[in-house]
Structure formats: structure tokens, C-alpha cells
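Asks: One structure, pasted below without further comment.
The values are calculated or read from the model by the stated rules, or taken from the named source; none is laboratory data. Values in this document were obtained by computation on a predicted structure and should not be read as measured data. Cβ placement follows ideal geometry from the backbone for every residue including glycine, while neighbour counts extend to all protein chains displayed. For accessibility, only protein heavy atoms count, side chains too; no ligands or nucleic acids. Shrake-Rupley method; radii C 1.70, N 1.55, O 1.52, S 1.80 Å.
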Amino acid sequence: MTTTETPQIAILGAGIFVKTQYLPRLSEISDLVSVKSIWSRSEGSAKSAVEIARKIFPDVKCVWGDDGFDEIVKDGSILGVAVVLAGLTQVDISLKLLKAGKHVLQEKPAAASTSEIENALSSYNAICANLSTQPIWAVAENYRFEPAFVECNKLLAEIGDMMSVQVIVEGSMNSSNPYFSSSWRRNFTGGFILDMGVHMIAGLRMLVGCEVLSVSAITTHVDKTLPPPDNISSNFLLENGCSGVFVMVVSSRSPKIFWRVVGMKGTLQVERGNQNGQHGYLISLYSADGQSKSSFYPFSGVTEELKAFIHDISEAKKGSGHKAEPRSSFLEGARDVALLDAMLESGSKGGALVQSVKTNKVFLVLGQELS
């Protein structure tokens with residue numbers, strides 16, 4: 001692809017994740033895309049990100065404030081926009097961009113709650129009804145693009161009928177973590193449980209390949225340096241009749257994260273770890289004869305989700321009726337939030353059973369209206 005053929009995108013946001021993930025990963029695929037503008041609310045913040053970006057994209061523009069945002073909206077050469085902002089504001093800004101005909105890749109979580117998602121999908125439906133071509137609304141959930149989860153989903157058949165599922169998350173959200181002082185995460189309903197938890201739910205749904213019907217959860221607030229709740233233990237029931245547990249501790253002295261599925265013919269586990277200095281996932285498959293095999297997959301989900309979005313907006317420009325990557329769809333991100341929202345609701349009611357599938361059906365109906 002020549003420079004003139006590469007699609008141009010803008011980035012809204014200039015925080016930690018843009019500087020440490022988006023810009024480095026985009027630099028790896030600079031032959032596929034060009035970053036035209038980086039926006040932030042303040043001039044200083046925007047300039048700090050642009051300074052990094054210009055090492056790879058020398059012509060990137062620095063824009064900020066209301067005028068800078070309007071400039072991106074009106075710029076017909078910008079096909080797509082990555083929205084990497086505070087979770088409380090992302091949906092409103094994404095809808096403004098979609099209304100202007102821009103394709104959007106919005107960072108997770110898809111929204112702050114189930115009710116916000118339902119309103120957002122209704123607004124998106126109305127926007128699409130008034131445009132000749134439907135703008136893509138994608139959610140950047142990199143776990144769905146991690147090769148480890150893609151491979152695990154393929155291996156699932158080897159363990160036979162599922163008997164039990166475990167998701168254990170012992171996080172490391174303490175004062176040494178760069179996101180610990182994030183104000184919006186502390187003002188978010190569900191706090192770090194929702195912001196971090198959508199990743200873990202995405203991994204669960206990707207692994208088992210079906211939806212959760214109902215949940216029953218207990219939530220607690222133990223570490224007062226964190227917003228409530230900071231611990232959740234939930235039972236859940238899958239559509240296939242298998243039950244499981246989801247346990248999440250936001251801040252642990254001994255971080256550990258794994259997903260484990262026990263089947264009639266064996267057990268499949270994926271665990272976050274480090275091998276030869278590379279962070280990633282270790283997949284272990286244990287068979288009924290006592291044998292086991294393991295494979296390690298370094299992190300690459302952010303790069304893969306960006307490549308998928310760039311491919312989608314490039315194909316959409318051709319007007320060929322291209323179907324966007326389903327793993328990136330706003331509906332998938334919405335279902336992650338809906339499931340965590342159901343767990344948090346159950347926790348607030350002392351463990352009452354909450355039917356999560358009803359919300360998924362609402363999203364499905366709204367999504368079908370767009371197709």
C-alpha cells in the first residue's frame with residue numbers, strides 16, 4: 001500500500017494507554033494505516049502524545065479542545081477514529097462521530113451500564129437509518145483477538161462435554177499500577193471490577209463459545225484504597241447447562257489470572273504468565289490418559305484488533321457490502337458489560353439470582369434492527 005492509499009485515522013485521547021499501547025502497536029503496522037490527528041481536551045496533553053507519534057507518523061497533527069474535535073469531525077479524509085477516553089464520556093463522543101459518518105473504534109468498556117448500552121444502541125439505530133452507509137462501531141476488546149483464546153476455542157472439543165468452568169482473577173491494582181489513581185475508574189459504577197472485569201468476561205465467553213443465562217454473586221469492599229466493590233464471587237449458568245464460578249480480587253499480593261474448563265475427556269486451561277521475558281498466555285491441555293501439552297502465546301491482541309479495524313474501514317470505503325469483524329462489534333462489548341452488570345446487581349441484592357440472558361436478547365433485537 002502506498003502512503004496515499006493507506007486509510008487515515010485520528011486518535012481521541014492522549015493518556016497512558018495511547019502512549020504505551022496504541023502508538024507502539026500502530027507503529028508496527030504503519031504500512032497499513034496513517035495517523036492524521038491526535039486530539040485531547042488540553043493542548044499540553046495532545047502535544048505529549050503527538051511528540052511520541054511523530055517518530056513514526058511525522059505529519060500527525062496536534063489538535064485539542066472543541067475546535068480540534070470539530071476539525072476531526074469535518075475532515076473527510078479521516079475514515080476512522082479511535083476513542084480512547086474516560087469510560088464515562090466515550091459513548092456520547094462515539095455517537096457524535098458516528099452521526100458524522102466516521103467509523104469508530106471505542107475502547108472498552110462499551111458503556112457504564114446496561115441502560116446506557118440500550119440507549120446507545122437505539123441512538124446508533126437512528127443514526128444508521130439517516131445515513132446511506134452504516135458507520136462501523138467497534139469496541140476494542142483485545143482479549144477476543146488474543147491468539148491464545150482463539151486457539152483455546154478450537155481445542156475445547158477435545159475435552160468433551162463441559163462439567164465445570166472457573167475464572168480466577170487475582171489482580172494487581174495497587175499504588176504501583178499506573179491506572180491506580182485514574183479518577184474516572186474511581187467514579188465509575190462498579191469501579192475497577194467493571195473496567196478490568198470486561199476483559200475477563202470476554203475471555204470467558206470467547207473460550208466457552210456460549211452465553212451465560214444467570215448469575216448469583218456476592219460483592220465485598222475490603223481494600224479501602226479502592227472504590228467499591230473490590231471483590232466479587234459469582235456462580236453462573238451457561239446456555240449449555242454447565243455451571244461455573246467467576247472470582248475476582250482487584251488487588252492481590254500474589255497476582256494470578258486463569259480460565260479453566262473441566263470436561264468429560266480432559267481439562268483445558270489458559271493462564272496469564274511470562275516466558276523468556278515475554279508476557280502472554282500459557283495454554284495447557286490435560287487429556288484423560290494423564291498426558292498434557294502446553295503452548296505459550298505472547299500478547300498480540302491490541303495489534304490484531306487494530307489490524308481488523310483498519311481492514312474493515314478500508315473495505316467499507318470500497319462500498320462492497322463488507323461485513324465488519326464480529327469480534328469487534330459493539331454488541332459483543334455490550335454483552336460483556338451486561339454480564340458484569342448482572343453480577344454487580346446480584347451482589348447488591350445479597351446474591352439474588354439475576355437472569356443475564358434477558359438483557360442479551362434485548363441487545364440482539366436492537367442489533368438485528370441495524371442489519
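Asks: Quick one: check the C-alpha center-to-center distance for segment 78-92 versus segment 1-77, whole angstrom.
Replies: 13 Å
Asks: Compute the convex hull volume of the Cα atoms of the chain, divide it by the residue count, and report the result per residue in Å³ as a whole number.
Replies: On the way: hull volume 54.2 nm³, N = 371.
Considering the Cα atoms of the chain, their hull volume per residue is 146 Å³.
Asks: In the chain, which longest range has no trypsin sites (Lys or Arg not before Pro) that are both DSSP loop (not H, G, I, E or B) and surrounded by at most 13 other Cβ atoms within 10 Å?
Replies: No qualifying site falls inside 56-223, the longest such stretch.
Asks: With 26 Å as the cut-off, how large is the P(r) tail for segment 41-197, expressed as percent of Cα-Cα pairs? Intermediate results must be reported in sequence, preceding the final value.
Replies: Values: 5420 of 12246 pairs.
I get 44 percent for the Cα pairs in segment 41-197 exceeding 26 Å.
Asks: I want to verify the translational diffusion coefficient of segment 169-292 in µm²/s; compute it with Stokes-Einstein, Rh as the Kirkwood radius over Cα pairs, at 25 °C and 0.890 mPa s.
Replies: Working: Rh = 16.0 Å.
In µm²/s, the coefficient rounds to 153.
Asks: While we're here: Mean Kyte-Doolittle hydropathy of 0.5 or higher plus an axial Cα length of 18 Å or more: which whole DSSP H helices in the chain meet both? Working shown, then result.
Replies: Values: long enough: 114-129 (23 Å, 0.14); 191-208 (26 Å, 1.48); 301-318 (26 Å, -0.41); 330-348 (27 Å, 0.45); 357-370 (20 Å, 0.53).
Long hydrophobic helices here: 191-208, 357-370.
Asks: Now, a different point. For segment 223-330, how big is the tail of P(r) above 20 Å, as a whole percent of Cα pairs? Provide the component values of the computation, followed by the final result.
Replies: On the way: 3789 of 5778 pairs.
Across segment 223-330, Cα pairs with separations above 20 Å total 66 percent.
Asks: Let me ask something additional. Given the pairs LYS108/LYS349; LYS74/LYS96; LYS102/LYS307; LYS108/LYS307, which span a C-alpha to C-alpha distance of over 19 angstrom in this model?
Replies: Details: LYS108/LYS349 26 Å; LYS74/LYS96 12 Å; LYS102/LYS307 17 Å; LYS108/LYS307 17 Å.
Where the Cα-Cα span goes over 19 Å, the pairs concerned are LYS108/LYS349.
Asks: In what sequence, largest accessible area first, do THR189, THR303 appear using a 1.4 Å probe?
Replies: Working: THR189 105, THR303 20 Å².
Ranked list, largest accessible area first: THR189, THR303.
Asks: Roll a 1.4 Å probe over the protein chains and send me the accessible area per residue for the chain in Å².
Replies: Ligands and nucleic acids excluded, the figure is 44 Å² per residue.
Asks: Also: Only helical DSSP H runs with n ≥ 4 go in: add -39500 (n - 2.57) per run for the chain, normalise by residue count and round the 222 nm mean residue ellipticity to 500 deg cm²/dmol. Walk me through the intermediate numbers first.
Replies: Values: 11 runs with 136 residues, N = 371.
Theoretical 222 nm ellipticity from helices: -11500 deg cm²/dmol.
Asks: Over the chain, what percent of the accessible surface lies on carbon and sulfur atoms, probe 1.4 Å?
Replies: Numbers: 8200 of 16260 Å².
Ligands and nucleic acids excluded, carbon and sulfur give 50 percent.
Asks: If ligands, DNA and RNA are left out, what is the accessible area of CYS210 with a 1.4 Å probe, given in Å² to the nearest 10?
Replies: 20 Å²
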